[in-house]
1. Any idea which residue in the range B:152-191 is farthest from the other protein chains (Cβ to nearest Cβ), counting only those that are closer than 27 Å to residue B:251 by Cα and within 14 Å of ligand 2 (Cβ to nearest atom)?
2. In the range B:176-195, which residues are part of a helix (DSSP H, G or I) and touching a strand residue (DSSP E or B) at 6+ places or on another chain (Cβ under 6 Å)?
3. Within the range B:77-126, count every residue that is away from ligand 1 (no atom under 14 Å from the Cβ), over 22 Å from residue B:44 (Cα atoms) and surrounded by fewer than 24 Cβ atoms within 10 Å (Cβ to Cβ).
4. Determine whether the range A:283-305 contains at least one residue that is closer than 30 Å to residue A:470 by Cα, within 9 Å of chain B (Cβ to nearest Cβ) and surrounded by fewer than 24 Cβ atoms within 10 Å (Cβ to Cβ).
5. Out of the range B:63-78, which residues are more than 13 Å from the chain's Cα centre (by Cα) and more than 16 Å from ligand 3 (Cβ to nearest atom)?
6. Can you find even one residue in the range A:462-483 that is within 14 Å of chain B (Cβ to nearest Cβ) and farther than 30 Å from residue A:554 by Cα?
7. Suppose we filter B:263, B:254 for residues that are assigned to a helix (DSSP H, G or I), more than 16 Å from ligand 1 (Cβ to nearest atom) and touching a residue at least 60 places away in the same chain (Cβ under 8 Å); which single one remains?
8. Just to verify a result, which residue in the range B:50-62, among those that are more than 14 Å from chain A (Cβ to nearest Cβ) and surrounded by fewer than 24 Cβ atoms within 10 Å (Cβ to Cβ), is nearest to ligand 3 (Cβ to nearest atom)?
Ligand SMILES: Cc1ncc(C[n+]2csc(CCOP(=O)(O)OP(=O)(O)O)c2C)c(N)n1
Ligand code: SF4
Ligand SMILES: [Mg+2]
C-alpha cells in the first residue's frame, strides 16, 4: 500500500506503510471531550486482547473541564516506557494541544485526526514546523449527534475510527465498553457499542486517505491492567496490612481510595485523618498496638510527617510510608512526576534516624515492593519509605500476572515466655532487633517513647546508653541489605558502558538497553530497588567492570548522584543526565547519550537498527539536536 | 536515686512469683516521678491508678498515651502499656492504638499546651468522630516542662518568661471548645479533689465514646503554691440537682469563666462510637462475596 503525505503545500511524497507491532497514540481535548475516558477504554481493550500497554494521563490546572490528554502506547511485546513521539494524534481542540505541546511530540510521519468542523485548516495546525503528517478530518460530533443520538459519545465514535484505521483491538473495545458500563446500565452499553460501530463504519466507507501506520499483533489471553497506586493497595493487603490512615493528596490519593473500598472486607480499618501528622501518628499507634499499618502521601505530606518518622525510628515501631512523588518543593507540580524527594527520604527528620528506603520501578513492582516494605518494617521494626512517583502511581499498565505468594509475609518478633520473665523492649541484641509486644499481651507491658531510653524503655539522658541504642538501631542496616538484595540488571553484564537510575526511570533505561543490545551496542543498565541502605558492595563490584557510567534521574539538583557520591567511589568517567520533573525523560535523549559515550563508535547500520524510523536524530550530536533535554554534565 | 533502683530490684525479685492484682499499687511502675513536690500531676497519677484498680482493668489491656510535657510523663509511672510520644500528638496516636484493638482501654494524658496549642487541631476531629478514648487535659495554665512560658490557658496579664509585660493572649476555655466540637462526655476536675477526680476518670473510661476531662492541675513551680487556694476559691462542685444530659445547661456552665464548675458537665449516651460504625461498615462491605486477598489481582483482569 502506498500513502500520500498530505499537508505540505505543493509537495506529494510516497512511502511504504509501516507495519508496526507497537503504536503510540495521543488524545487531547477538554474535559467534556472524553479524552481520558477514551484512553482508558483503549487500554482496557488492549489488555483484554493480551496486548501490553502503558497509559498516562495529563491534566491541566482546572479541576474539571480543563484540558486533558491521554497518551497510550500499545505493543505486542512488552513496552517499558511511555513511548517517545506519537504515531497518532487525535486532537479535539488545538487550543488544548498547545498546552501539552512539550509532552506530546509528534513523529515526522504521524497521523493526525481532528474534527471536521474545526476552524483551523490542515495547513495551519499549530505543530512543529517541518513534520510530514497525514491529516484526516472526521465529523466526530456530527456522527455522535446525528447517527448515535448523543453528542457525548464522540470519543467512542473516535475509538471506532481509530480501530478501523489502524487495526486496533476491536473485540477488546467491545469487551472494554461492557466492562466500563456494566455497573451503570444496559442502555449505556448499547449506546456506546453503537457509537463504536458507527465510528468504524464511517472510517471504512469514508476515509480513503492512505496513511503510514499499521498496527499488527496476535491475540493472547487477557492481561491485568492497573495503576501503580492500585498495585500498592492490593499489595499492602496481601502483606497483611489492616490499618491505613491518610490525608488526600495528588498523586497518592488512589491508594487510600482503593483501600477504603477493600480494607473493610478484610476486617481492616481506614481512617481519613485531619492532616498528615495525624495520619502518621495513627499509623504508629496502630502498629504499636500490633496491627500492620501504613500511610500514603506525597511530598508535602511527607514533610509534615518528619517528626513522626523520627518517633518510629527511636521507638522502633514498624511503619510503612508510601510517597508517590510529585514535582516540588511546596505545592510544586501536583500532577507531574519527579524524583527529588530522595534526600528527604534517606536523611530526612532531625537526629540520626535510620530509615529504609525502597523504590518500585514499574507498576508490577509496586505490588512487590510494598510487600517487601512490610516484611522489612515488621522484621526489623523500622520505618520503611516506599518512593513511588506520579508516573508509576497514576499510569495504567498491562502485564501477564502478579505473584501473590512470592514474598514472605513477615510476622513480628514476639517475646518468648523467657523474654517476658524480665522483659526488656529495647534489649541490646546482635541483630539490633529485640522482641516486641503490644497491648493485650500479658507481662509484656512497656513504655514506648520518643525520648532516649534504657533497654526497658524508661527515659535516660546517659550519653553512653544513647550511643548503645543508636548503634543498635543502625545495626539493622547490614542484615537488611543481606536479606533483601533488591536490584535489577538489564542487558549485557560485562558491558563497559553502564546506565544507572532508580524508580520509574527504569522504563527508559530498560528500553534503551534493549534497543542498543539488539543492535549489538554493548550497554548494561542497573536499577536498585533498595536505596537505603544502599547495596554498596554490589554497586562497587559493578562499577569496577565499567569504563563509563551514565547516571540518569529526574531531579534538578541531582540528588541521586550526590547521594551515590557520598557513599562510594564512582567510576572516573561519569556522565550525569538530570532534569527537573514535569516531563518524562525522552528515550531519544538517552539513546543519543549512549551512542555518544560508547567505547567503540556506533555504525550507521547499528543506528538504523536502534531507530528504524529515524525519529531520534541519532546522527546529530545531542547537544545541537535536542531542544527539550535534561542537563548533561560530563564529570 | 538509690532508693529508686532498690525499688526496681525488689520488683524484679517478686515479679515472677506473684501476679499483680488489682490494687492501686499494682498499676505503679518502678520509676519515681520527676515532678516537683506539690505538683498537681501526682494527684492525677494517683487517681488513674485508683480508677484502674476499682475498674479491675488488667494492666496489659490498658494503654496510656501522652505527648510531651511534665504531665505527659505520666505513662512512665504506670505499669500498663504506655507511649510517651511527641508534643501534641497523643490523640491521633491513641486513635490508632484504639482502632487497632478496641478491646483495650486507651487513656490520653497531656498538658494544656500539648492538647490545646500544638495539638489543638486534633481535638475537633477526635470529638466529632467520637472515638472511645478518655482524654485527661492536665491544665496547669503554663508550660511546665520548658520552664514557665505562657500556655493557651494562661490568664490575661500574667507575667511568664515569654510575657515580660504580662500576657495579652486571651486564654482558651477548654470545656466550651470541646462542647462545641460535639464531645459526648465533658467534665472538669481538680487535683485538689481526689475523690471527684477519680470518680470522673472512672466514668470517663466506662463511657462508650470520647470522654474529655479537664483537670485543673497546679504547677506550683511556675504558677506558685497559691494556685491551689485560688482554684479552691474560684471553683465549685456542680450541685446534685444539675442535669448533665441537658446540652443547653452544659453550654451555659461552659460559658461561665469567673467560676470553674467541677464535675460532670455533659453526658450524652446516644452517640455511636466510631468503632461501632466501623464494624457496621465492615458488615456492609462483606455482604457480597469476599475473595481471598491473594486473588484481589483478579479484580484487575480485563
Ligand atoms: C515540636 C515541639 N515543639 C516544642 C517542644 C518543647 N516543649 C516540650 S513540652 C512543651 C510545653 C509543655 O507544656 P504543656 O503541654 O502545658 O505541659 P506541662 O509541661 O505544662 O505539663 C514544649 C513547648 C517539643 N518538645 N516539641
Ligand atoms: S514544673 Fe510545674 S508542672 Fe512541671 S513538675 Fe514542676 S510543678 Fe509540676
Ligand atoms: Mg501546661
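The values are calculated or read from the model by the stated rules, or taken from the named source; none is laboratory data. From a predicted model like this one, the values you see are computed outputs, not experimental measurements. Cβ coordinates were reconstructed from backbone atoms using ideal geometry, including for glycine residues, and neighbour counts include every protein chain displayed.
1. The qualifying residue farthest from the other protein chains (Cβ to nearest Cβ) is B:154.
2. Those that are part of a helix (DSSP H, G or I) and touching a strand residue (DSSP E or B) at 6+ places or on another chain (Cβ under 6 Å): B:178, B:179.
3. Qualifying residue count for the region: 5.
4. yes
5. Of everything in the range B:63-78, those that are more than 13 Å from the chain's Cα centre (by Cα) and more than 16 Å from ligand 3 (Cβ to nearest atom) turn out to be B:76, B:77, B:78.
6. Looking for residues that are within 14 Å of chain B (Cβ to nearest Cβ) and farther than 30 Å from residue A:554 by Cα, one finds at least one in the range A:462-483, hence yes.
7. Unique residue meeting the criteria: B:254.
8. B:50
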